[in-house]
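Below: the structure, in C-alpha cells.
The values are calculated or read from the model by the stated rules, or taken from the named source; none is laboratory data. Source: prediction; values computed, not measured. All Cβ positions, even for glycine, are placed from backbone atoms using ideal geometry, and neighbour counts span all protein chains on display. Note: areas computed on protein heavy atoms with side chains; ligands, DNA, RNA excluded. Shrake-Rupley method; radii C 1.70, N 1.55, O 1.52, S 1.80 Å.
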Amino acid sequence: MSMSTTASPSTDTKKRRLKQYLHERAADGEMYFKGKFIADDVGLSPKEIGALMVRLSESADDLKVEKWSYTSATTWRVEAA
C-alpha cells in the first residue's frame, strides 16, 4: 500500500468544519482560543485542532490566523481577513 502526499477526505472535512466554525466566531471581530476549549464544539481533538490551525495559518486567504501565546497550550488569534 503506498502513501499519498495529498490530504485524505476526512482531513479536508475536518479542516472545512474548523474553518466554518472560526468564520462564524470571528465574524464580528477577532477571537482568541485554545484548542482544548473548542474541541467539543467542532468534534475534533485538541491535537487535531493544533495541526489544522498550522495549515490554516499557511493557506487560508479569508482568515488571519496566528499563534498568539503558549501557556499550557497554544492560544490562537483568528480574525476575518
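Here are a few things to note about the model shown:
- Single match in Lys34, Lys19 (criterion: at pLDDT 95 or above and open to solvent by 40 Å² or more (accessible area, probe 1.4 Å)): Lys19
- Just so you know, in the stretch 55-76 the residues that are in a strand (DSSP E or B) and within 13 Å of the chain's Cα centre (by Cα) include one that is nearest to Arg16 (Cα to Cα), and it is Leu63.
- Answer from Ser59, Ser45, Ser72 - the residue that is on the phi > 0 side of the Ramachandran plot and either surrounded by fewer than 17 Cβ atoms within 10 Å (Cβ to Cβ) or at pLDDT below 95 (or both): Ser72
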